[in-house]
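This is the structure I want to talk about, given as structure tokens.
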Amino acid sequence: ETTQINQSIKDLVERAKALRGIFDYNQKVDRLAEVKRELENPKVWDNPEKAQFLGQERANLEQIVLALKDLKIDLEELEELFVMALDEKDFDTINE
């Protein structure tokens, strides 16, 4: 049972990594930084349509990046909890 649980944890971690890849996490982080730099340039406001588009893009990217970061943190915490529960043979917590 312990081996199966360890494998399940590894599978969850791999799936989280795959999700980050599917959603192009690193590219989104890079693009978010680029968009923020563009919005810091006062000249961007000379073109209100472009500024509005960049503002919407920033908001969308921030939402995606934050969600993926939260997912990663949650999975890491879950993995730690599972490892602690396994060490203590706390199968009630594992089953939860």
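The values are calculated or read from the model by the stated rules, or taken from the named source; none is laboratory data. What you see is a predicted model, and the numbers here were worked out from it, not measured in a lab. Don't worry about glycine lacking a Cβ; one is built from the backbone with ideal geometry, like all the others, and counts go over all protein chains shown. We work out accessible area using only protein heavy atoms, side chains counted, and drop any ligands, DNA or RNA first. Shrake-Rupley method; radii C 1.70, N 1.55, O 1.52, S 1.80 Å.
Would you confirm whether or not the stretch 13-23 contains a residue that is in contact with a Leu (Cβ under 9 Å, 6 or more places away or on another chain), farther than 23 Å from E96 by Cα and open to solvent by 70 Å² or more (accessible area, probe 1.4 Å)?
yes
Would you check if there is a residue in the stretch 34-42 being farther than 20 Å from K10 by Cα, at pLDDT 95 or above, of a type in the set (A, V, I, L, M, F, W, C) and loosely packed, with under 14 Cβ neighbours inside 10 Å?
So far as the stretch 34-42 goes, no, none of its residues is farther than 20 Å from K10 by Cα, at pLDDT 95 or above, of a type in the set (A, V, I, L, M, F, W, C) and loosely packed, with under 14 Cβ neighbours inside 10 Å.
Only one residue in D74, D87 is open to solvent by 60 Å² or more (accessible area, probe 1.4 Å) and under 17 Å from L19 (Cβ atoms). Which one?
D74
Go through (1) within 15 Å of the chain's Cα centre (by Cα); (2) over 30 Å from D90 (Cα atoms) for L71 and report which single condition fails.
It fails just one condition, (2).
Another question, if that's okay. Pairs needed: first member in the stretch 1-27, of a type in the set (G, A, S); second member anywhere, modelled with pLDDT of 75 or more and open to solvent by 70 Å² or more (accessible area, probe 1.4 Å); C-beta distance under 9 Å; at least 6 residues apart or different chains.
Correct list of pairs: A16/K72; A16/D74; A16/E76.
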